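For reference, the structure is listed below as structure tokens.
The values are calculated or read from the model by the stated rules, or taken from the named source; none is laboratory data. Small disclaimer: the values here were computed from a predicted structure and weren't measured. So basically every Cβ, Gly included, is an ideal-geometry build from the backbone, and we count neighbours across all protein chains shown.
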Amino acid sequence: MDTAGRTAQAVAIHGEEIVSTRSTADIRKLAGTSTQIVDLGGKTLLPGFYAAHDHFPGAGTVAVHYVDLYSPPIGKMQSIAVIIVAACRYSFRMQYSCLVRVRTSITLPAELLKIIDRANSNRSAFFERAASAYLTGLNKAKRDASDLAIINSNADRLNAEALDVLDYQ
């Protein structure tokens, strides 16, 4: 994809170098008799985003807190569809639908920031976890209120059934 968002239909590769990206018809004109042609059947070709080196703690953080987008031989991402499924599974597992991290700015009192920094030197991770815990709490309170409303709306019937059971024993 170029900066204008256009995608190429075909790629010409010589050795280990991409030499051209154009329409399929234009690339076929470049092919010789010994050219190996690989038809991807409509799939998307992505460069091999290979991490030249990883630091163990960072790689572990990625494995736990982010979607692993590595392609083979390191990862499993072989198509855009697989990436989308992985992102959705991650989103579901994390219980929020934020798939893209957005930089934001907030102003807090210096004393509060000192306390936060003592608890966790990674402010972004701290705020993300705090916001997630807060939202989880709000969702639980909402479910609890709904459950309580259902119980209260049926309280007379449930109490009558309980008294019936006690009378029977």
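Residues of region 110-169 that are surrounded by 10 or more Cβ atoms within 10 Å (Cβ to Cβ) and not in a helix (DSSP H, G or I): Asn120, Asn122, Asn154.
When you go through Phe126, Phe92 one by one, which is the residue that is outside the structural domain of Glu17 (by TED's automatic domain parsing), at pLDDT below 85 and not polar (S, T, N, Q)?
Details: Phe126 fails: at pLDDT below 85.
So the residue among Phe126, Phe92 that is outside the structural domain of Glu17 (by TED's automatic domain parsing), at pLDDT below 85 and not polar (S, T, N, Q) is Phe92.
With respect to the conditions (1) aliphatic (A, V, I, L, M); (2) at pLDDT 65 or above; (3) in a loop (DSSP other than H, G, I, E, B); (4) more than 26 Å from Thr136 (Cα to Cα), Val82 falls short on a single one, namely (3). Filtering region 1-45 to residues that are touching a residue at least 12 places away in the same chain (Cβ under 8 Å) and acidic (Asp, Glu) leaves only Asp26.
Yes or no, residue by residue, for (1) surrounded by fewer than 13 Cβ atoms within 10 Å (Cβ to Cβ); (2) modelled with pLDDT of 75 or more; (3) more than 30 Å from Phe126 (Cα to Cα):
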position	(1), (2), (3)
Thr3	yes, no, yes
Gly42	yes, yes, yes
Ala51	yes, no, no
Met77	no, yes, no
